[in-house]
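Notes follow the structure.
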Amino acid sequence: MTLKAHLYLSVRNPNSYFAARQYHQLRMGHDIEIDVRAVYPLAIRYPDYFEKTSPLWVPYLIRDCRRYGEFMGMDFDLPKPDPIVQNLETLEIADEQPYIFRLTRLLQLAATRGAGLLFAKHLMTLIWNGKTPGWDEGDHLANVAAAAGLNLDELDGEIEFSGGQIDKQIFANQDKLHEEGHWYTPSFVFDDELFYGESRFDLALWRLEQHGLQRRNSLSPTTEHGK
């Protein structure tokens, strides 16, 4: 029996980078469907959130992500440019945001095409592994789309003509995330139970196994695109 779950991700959240890799590997190795639901980051949804945040939070988050990346065997560094233009010392968010709306809409479009998890894995890796300064330039994003079986020009064209409709889907995702019990990402939901954070992956796997999660090596082969 194929299990079904969904995963809320934010392109700007570094822990979503780790989760995208974890859950993609889970999906490739097991009989489970995981739909991605893109949401805008806190800086867009709750701009005043950072006014109330302890100045200790961001330095700790960065240290913790470096540690978790080392633990996972995944490269990690702060992206250049940051998907959200923000002063990490004052936490002030810039009025002009040239990256995050396009990136989130691209992720949502990939999800509607059944390639959300694969696209997320490649996109998050590009942005967060620290190996591609200027990830927004050249053909980097086109290569991400191609790796997920998609065409960047086609996705951008749909954003240009249907950006408002795509945002409605993203806003609906955000509302549903609240209904299901959280406001932050990554959040994995299976059988109406929410598991927040990349560090809860093992707990989520434990629950899935209780519901009969099966490895794919005893099933029919799957393709990288999952189509």
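The values are calculated or read from the model by the stated rules, or taken from the named source; none is laboratory data. The structure displayed is predicted, hence computed values, not measured ones. Glycine gets a Cβ as well: all are built from the backbone with ideal geometry, and neighbour counts include every protein chain shown.
Among the residues of the stretch 172-193, those identified as in contact with a Phe, Trp or Tyr (Cβ under 7 Å, 6 or more places away or on another chain) and of a type in the set (A, V, I, L, M, F, W, C) are L177, F188. So, M74, is that one touching a residue at least 24 places away in the same chain (Cβ under 8 Å), under 25 Å from F201 (Cα atoms) and surrounded by fewer than 12 Cβ atoms within 10 Å (Cβ to Cβ) or not? Answer is no for this residue. Looking at the structure I just gave you, is F161 aromatic (F, W, Y) and touching a strand residue (DSSP E or B) at 6+ places or on another chain (Cβ under 8 Å)? When the stated conditions are applied, F161 does not pass them.
Taking every residue in the stretch 190-210 that is free of Cβ contacts under 8 Å to residues at least 12 places away in the same chain and pairing it with any residue that is not basic (K, R), at least 6 positions away or on another chain, the pairs with Cβ-Cβ distances below 8 Å are L203/F195.
Which members of the stretch 43-60 meet the condition of being surrounded by 14 or more Cβ atoms within 10 Å (Cβ to Cβ) and either over 17 Å from H178 (Cβ atoms) or among the hydrophobic types (A, V, I, L, M, F, W, C) (or both)? Result: A43, I44, F50, V58.
Go through the stretch 113-227 and tell me which helices (runs of 4 or more DSSP H), entirely inside it, have 1 or more residues that are among the charged types (D, E, K, R) and surrounded by 13 or more Cβ atoms within 10 Å (Cβ to Cβ). Spell out the reasoning first.
On the way: elements: 116-128, 140-147, 152-180, 201-210.
In the stretch 113-227, 116-128, 152-180, 201-210 are the helices (runs of 4 or more DSSP H) which contain 1 or more residues that are among the charged types (D, E, K, R) and surrounded by 13 or more Cβ atoms within 10 Å (Cβ to Cβ).
Here's the yes/no breakdown for (1) of a type in the set (G, A, S); (2) over 12 Å from the mean Cα position of the chain (by Cα); (3) modelled with pLDDT of 95 or more:
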{"site": "N15", "(1), (2), (3)": "no, no, yes"}
{"site": "H30", "(1), (2), (3)": "no, yes, yes"}
{"site": "V58", "(1), (2), (3)": "no, yes, no"}
{"site": "L109", "(1), (2), (3)": "no, yes, yes"}
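Beta carbons closer than 6 Å, at least 6 apart along the sequence or on distinct chains, pair a first residue in the stretch 154-171 that is closer than 18 Å to R37 by Cα with a second that is small (G, A, S) for I170/A38.
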